[in-house]
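In what follows, a structure is listed as structure tokens, so that the remarks can point back to it.
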Amino acid sequence: MIKDYTVKLPDYTDTMTRIVGDYTQIGRVKSNKGGYQSALLEPEDMPDSLKKCIDYYVHVIDNTVNMIHWWINVNGKSHANNSHDHHDRTPPAEEVGVSGVFYVSVPEKNMGDIVFQGTVMSSNPTMFNPPKKFEPQSNRLLLFPSDCFHSVEPNQSDKERISLAFNYTR
């Protein structure tokens, strides 16, 4: 259900920093408790080599889906994310797709594990007992069903963790 990959890609920290610009004054609030979450970005705004890499691994799971959007997350000290999923329930609700997170920059340990609680909408609901935890690591790619609830524990470091998240649907 949750796929975990370590990929060999260039360092995109500067690219993501340029895209978000001065993120102290802008951003959206969704599940984030503190930190920064960019506006939704178009697939063509993602660096080509990164998009091709993510497409490859997503299409191993489901080759009928396409990226609809992505966004950048910057979490500093004590920043976290409440439990949420990425499934769009706006009528007419989409089928469950593939979502994911790619860790761009994780300079230290204890920067906020992602914790998966399970799915509730799919044809085979599954709750994880205990929840599945993954430590953030630079170049780690995690893929999961869009209806899989997850949260992010607080960043214990004084440094910022940069990740990007994305959704694929039919």
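Here are a few things to note about the model shown:
- Put the Cα centre of the stretch 41-77 next to the Cα centre of the stretch 142-170 and the gap is 12 Å.
- Local electrostatic count at His87 - Lys and Arg +1, Asp and Glu -1, tallied over other residues with Cβ under 12 Å: -4
- Values of log10 I(q)/I(0) for the stretch 85-170 across q = 0.15, 0.16, 0.26 Å⁻¹ run -0.59, -0.65, -1.26, by the Debye formula with one identical scatterer at each alpha carbon and no solvent.
- Panel values: the stretch 65-120, Kirkwood radius from alpha carbon pairs, Stokes-Einstein at 20 °C and 1.002 mPa s, translational diffusion coefficient 153 µm²/s.
- Near Pro145, once Lys and Arg are set to +1 and Asp and Glu to -1 for all other residues with Cβ below 10 Å from its Cβ, the sum equals -3.
- Globularity ratio of the stretch 131-170, using Cα Rg and 2.2 N^0.38 Å: 1.35
- Cross-link reach is defined here as a Cα-Cα straight distance under 16 Å, omitting same-chain residues fewer than 8 places apart; for Lys8 the lysines meeting it are Lys51, Lys52.
- Hull volume per residue, based on the alpha-carbon atoms of the chain and their convex hull, is 113 Å³.
- Accessible surface calculations at 1.4 Å, restricted to protein heavy atoms, place the chain at 51 Å² per residue.
- Distance between the modelled labels on Thr17 and Glu153, one decimal in nanometres: 2.8 nm (7 Å Cα→Cβ projection).
- Volume in Å³ per residue [convex hull over Cα atoms, computed for the stretch 48-96]: 130 Å³
- Percent carbon-and-sulfur accessible area, the chain, ignoring ligands, DNA and RNA, probe 1.4 Å: 50 percent
- Of all the options His150, His59, His84, the one that moves most in a Gaussian network model of the chain with Cα springs shorter than 10 angstrom is His59.
The values are calculated or read from the model by the stated rules, or taken from the named source; none is laboratory data. Only a predicted model underlies this, so the values are computations on that prediction, with no experimental measurement involved. Note: ideal-geometry Cβ built from the backbone for every residue, glycine included; neighbour counts use all protein chains shown. Side chains included, ligands, DNA and RNA excluded: accessible areas come from the protein's heavy atoms. Shrake-Rupley method; radii C 1.70, N 1.55, O 1.52, S 1.80 Å.
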